[in-house]
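*Asks:* The structure under discussion is supplied below as structure tokens; questions concerning it will follow.
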Ligand code: 76R
């Protein structure tokens with residue numbers, strides 16, 4: 001039967017991309033730059049506390065290329081918290097030197113294509129942990145949005161549910177080959193943002209992004225039914241790294 005799949009939805013997600021206004025940054029006094037760095041450190045320390053209390057998670061990466069300089073990814077239980085984070089960045093001294101570059105709003109999503117014997121699989125500890133994940137602090141990140149195709153005969157949304165389940169199962173077998181090399185978080189954004197899903201991948205070696213995405217292009221679920229948006233790739237910035245990144 002052509003019917004939707006039930007999803008399990010976890011923490012809300014915001015990918016927040018910023019470009020540094022280097023000209024203003026360099027023209028600012030040393031005092032102003034110090035204030036801005038202190039502000040961003042205070043925000044990071046506050047977000048670290050939230051993460052330690054398991055009330056959310058975040059990471060910061062330095063994006064390669066001209067699409068942005070920084071990408072924050074935030075996970076929080078409510079959309080209010082995500083909006084408050086955005087406002088806090090904008091109101092901070094550092095915010096004066098950040099130009100919004102892009103953003104993506106979604107929610108951590110797991111689907112129930114795989115049959116569960118439990119009535120409430122979202123309560124299984126491993127599932128609960130995947131719905132409210134602590135983001136890995138791996139060296140590299142790759143983010144891109146995607147859709148499932150709806151053209152003529154290549155229409156994901158007219159496929160029967162068990163056919164979609166089979167195609168996603170095959171997809172997951174390709175994914176499993178990258179265990180330990182690529183860690184993935186799928187966030188759903190139907191009704192939230194311009195694409196249907198956000199794909200966030202973490203890796204120790206950036207080449208693994210190219211390898212997994214290439215290999216998956218040959219899985220039917222991607223070759224026939226995948227449409228892809230812009231890719232953003234970056235290098236991890238620890239709370240210390242961001243200070244040296246900003247130093248003139
Ligand atoms: O339940 C599970 O999470 C395991 C099975 C699984 C599903 C249902 C799975 C496994 N994925 C699922 C769903 Mn995935 N995934 C992507 C991309 O570039 C591309 O071609 C696609 C981008 C990657 C790289 C990837 C990686 N996956 C989805 C969905 C929702 C589909 C829907 O509902 O229509 C999307 C959009 C999507 C896209 N996937 C895995 C991986 C990896 C590495 C795995 C194996 C994870 C593991 O078993 O540890």
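Throughout, read-outs are computed from the coordinates displayed, never taken from laboratory work. All values reported here derive from a predicted model rather than from experimental measurement. All Cβ positions, glycine included, derive from the backbone under ideal geometry; neighbour counts span all protein chains shown.
*Asks:* How far is helix 30-52 tilted off the main Cα axis of the chain, in degrees rounded to 10, range 0 to 90?
*Replies:* 40 degrees
*Asks:* Work out, step by step, the length gained on full extension between residue 22 and residue 45: first 0.36 nm times the residue separation, then minus their alpha carbon distance; give nm to one decimal.
*Replies:* Full extension from residue 22 to residue 45 adds 5.9 nm.
*Asks:* Be a star and scan region 234-248 for residues whose amide nitrogen sits under 20 Å from the point 7 Å along the Cα-to-Cβ vector of residue 30.
*Replies:* Once the point is set 7 Å along Cα→Cβ of residue 30, 243-248 turn out to lie under 20 Å by backbone N, inside region 234-248.
*Asks:* Which of 25, 47 comes first, and how do the rest follow, when ranked by fewest Cβ neighbours within 10 Å?
*Replies:* 25, 47
*Asks:* Using the C-alpha gyration tensor of region 15-80, what are the square roots of 5 times its eigenvalues, in whole angstrom, with the largest one first?
*Replies:* Rounded to whole Å, the semi-axes are 25, 17, 8.
*Asks:* Report the Stokes-Einstein translational diffusion coefficient (µm² s⁻¹, integer) for region 7-246, Rh taken as the Kirkwood radius over Cα pairs, at 20 °C with viscosity 1.002 mPa s. Working shown, then result.
*Replies:* On the way: Rh = 19.2 Å.
Answer, rounded: 112 µm²/s.
*Asks:* Could you sort 181-188, 123-130 so that the peptide with the highest average Cβ count within 10 Å comes first and the rest follow in order?
*Replies:* Working: 181-188: 19.0, 123-130: 12.1.
Those peptides, ordered most packed to least, come out 181-188, 123-130.
*Asks:* Any idea what log10 I(q)/I(0) is at q = 0.14, 0.20, 0.23, 0.24 Å⁻¹ for region 178-228, Debye with uniform C-alpha scatterers and no solvent?
*Replies:* The computed values of log10 I(q)/I(0) come out as -0.41, -0.80, -0.97, -1.01.
*Asks:* Here is a follow-up. Kindly express, to the nearest 10 degrees and within the range 0 to 90, the angle between helix 79-91's C-alpha long axis and the longest C-alpha principal axis of the chain.
*Replies:* 30 degrees
*Asks:* Using a Förster distance of 41 Å, how high is the FRET efficiency between residue 247 and residue 129, based on the Cβ-Cβ distance and rounded to 0.05?
*Replies:* For residue 247 and residue 129, the calculated efficiency is 0.65.
*Asks:* Which three numbers, in whole Å and largest first, are the semi-axes of the equivalent ellipsoid of region 59-178 derived from its Cα gyration tensor as √(5λ)?
*Replies:* 33, 20, 15
*Asks:* Separate question: Based on the Kirkwood radius over alpha-carbon pairs, what value in µm²/s does the Stokes-Einstein equation return for the translational diffusion coefficient of region 1-121 at 20 °C and 1.002 mPa s?
*Replies:* Estimated via Stokes-Einstein, D reaches 130 µm²/s.
*Asks:* Here's something else I'd like to know. Just to verify a number: FRET efficiency for residue 205 and residue 239, C-beta to C-beta distance, R0 = 25 Å, to 0.05?
*Replies:* It comes to 0.60.
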